[in-house]
Amino acid sequence: SSSGSSSSGNLAGAAAAVATASSSSAAAADLNAIDAEKKLFSSEVAILQRIFPKMKLDVVLICTREPFNGRLIQRVGEQLKVPPYMMFMTCPSERFPYDVAELGGVRLITR
C-alpha cells in the first residue's frame, strides 16, 4: 500500500483507530490496537490490490479523539479531495455506535 494524496480516479482507503487513553499503560494498549488494526486493514487492501491490479489504492489511517462518524468521514474526504463513496473501511464490530448508513456512503470491506 502507498501513502500520499489522491487524484480523481483513485480509490482511497480509510480506517480509524480512536485514541482515548489517559494513562501510559492505556496509551500503550491503544498503540497495540492501532498496530493490529493497521495490519488487518493492510492485508485487506492487499486483497483489493490483487483483485484490481490497475487501481491505485491510498491507505490513510486516522487516529483521533473525535468520534468516527459521518462528520469525520466528510471532513477527511474534503481534505483528501476524495468523496466518501470512494473510501473503504473495515467492517465495524457489533459495538460500533453508528449505523453504516450514517457514514456517507463509505464502502465496507467484509470478511
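What follows is calculated from the coordinates using simple rules that are stated; it is not laboratory data. Since the structure is predicted, the reported quantities are computational estimates derived from the model, not experimental observations.
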Subject >> Straight-distance crosslink candidates among aspartates and glutamates, where the alpha carbon sits under 15 Å from Lys56 and sequence neighbours closer than 8 are dropped >> reply: Glu44
Original post:
How far, in nm, would the chain grow between Cys63 and Arg107 when pulled straight, counting 0.36 nm per residue and subtracting the alpha carbon separation?
Top reply: 13.9 nm
**OP:** For the stretch 34-111, count the residues as N, evaluate 2.2 N^0.38 Å, and divide the Cα radius of gyration by that value, please.
**Re:** 1.09
